[in-house]
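Just so it is clear, none of the values below were taken in a lab; they were calculated from the coordinates. Just so we're clear, the structure is a prediction, and the values are computed from it rather than from any experiment. In this analysis, Cβ positions are derived from the backbone assuming ideal geometry, glycine residues included, and neighbour counts consider all displayed protein chains.
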């Protein structure tokens, strides 16, 4: 199979551009995150010295036109960050499409492509779930792991566009691996939401705490909203990942003559699925639905990361198709 080197180069450029654009979006959203706090402090100081009343009196002077208040700096930076975020998401999707076209196959044949697809899924789900301006602070914490994964994908995990190994030349590849990679991206959003939920529960009121973590928590959405976000995304990711495991077993029967052989990848995938099932059960159980359930959700995400990196890169098994040199 001939590789289109031009499209492969365009795919790499799109990926690199997506990383740079998303990094810019993170910087803009961090500025928005910090300036919101500074603006709140400034408004509080103005009220305390009576500036608000003086401004109102000045506006009543005959012949004087009151100046129209401009958008706060935090809102301007937040709007720019959101726009840049959309551009970055489009670029990473373009990188995936161009990679597939360059190789003439579905672009999920190695870890570089799998992680890229998972990051794209996380960004798309985030854009759907965190579309309101009040949700922008969550993007600061969601973009950090996405950028870390993209950095690893573009350096340690990178593989040139090439045909897949014979074992992956099956119509099951786009079905099984797409579902698993998208489910992994959804679980990334869920895990970050649970982490932020635990932080918000630690500092439930904005008046409490003066440390770094307390200052971070003050700008986050309320704990109930973060908990709902974690639950909703898990509700989406759980059946997807479960379907991926089942379809993988069907593919295994066609490829290796058995549905299940307790291969390391199969075993850890099953463990992760059970952990997420336990989270959903705990989320509906009185006494477990808050911090205990959130910790279970985080444990599930840790199991997903372990499955992605340790099992693929360290442990040898039938699923050793990382594409690493």
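By definition, a body whose alpha carbon gyration tensor gives a ≥ b ≥ c is prolate when a/c is 1.5 or more and a/b is larger than b/c, and segment 125-250 fits this prolate description. Note on residue 243 and residue 90: the model spin-label points, each 7 Å out from Cα along the C-beta direction, lie 2.8 nm apart.
Among 266, 113, a tally of other beta-carbon atoms within 10 Å of each Cβ gives an order, fewest to most, of 266, 113.
With a Förster radius of 51 Å, plug the Cβ-Cβ distance of residue 9 and residue 284 into 1/(1 + (r/R0)^6) and report the FRET value to the nearest 0.05. Efficiency at R0 = 51 Å is approximately 0.55. Peptides 287-295, 187-195, 241-249 ranked from most to least packed give 187-195, 241-249, 287-295, packing being the mean of other C-beta atoms within 10 angstrom over each peptide's residues.
What separates the Cα centres of segment 233-262 and segment 1-26 is a distance of 30 Å. Which of rounded, prolate, oblate describes segment 110-184, given a ≥ b ≥ c as roots of the alpha-carbon gyration tensor eigenvalues and a/c under 1.5 marking rounded, otherwise prolate only if a/b is larger than b/c? Oblate shape, in that a/c is at least 1.5 and b/c is the bigger or equal ratio.
Residue exposure proxy: 170, 11, 131, ordered by other Cβ atoms within 10 angstrom of their Cβ from fewest to most, comes out as 131, 170, 11. In terms of surrounding Cβ atoms within a 10 Å radius of their Cβ, 19, 306 rank from fewest to most as 306, 19. Our estimate of slack between residue 305 and residue 213, defined as 0.36 nm per intervening residue step minus the Cα-Cα distance, is 30.7 nm.
Maximal additional length on extending the residue 271-residue 2 stretch stands at 92.9 nm, based on 0.36 nm per residue less the C-alpha distance.
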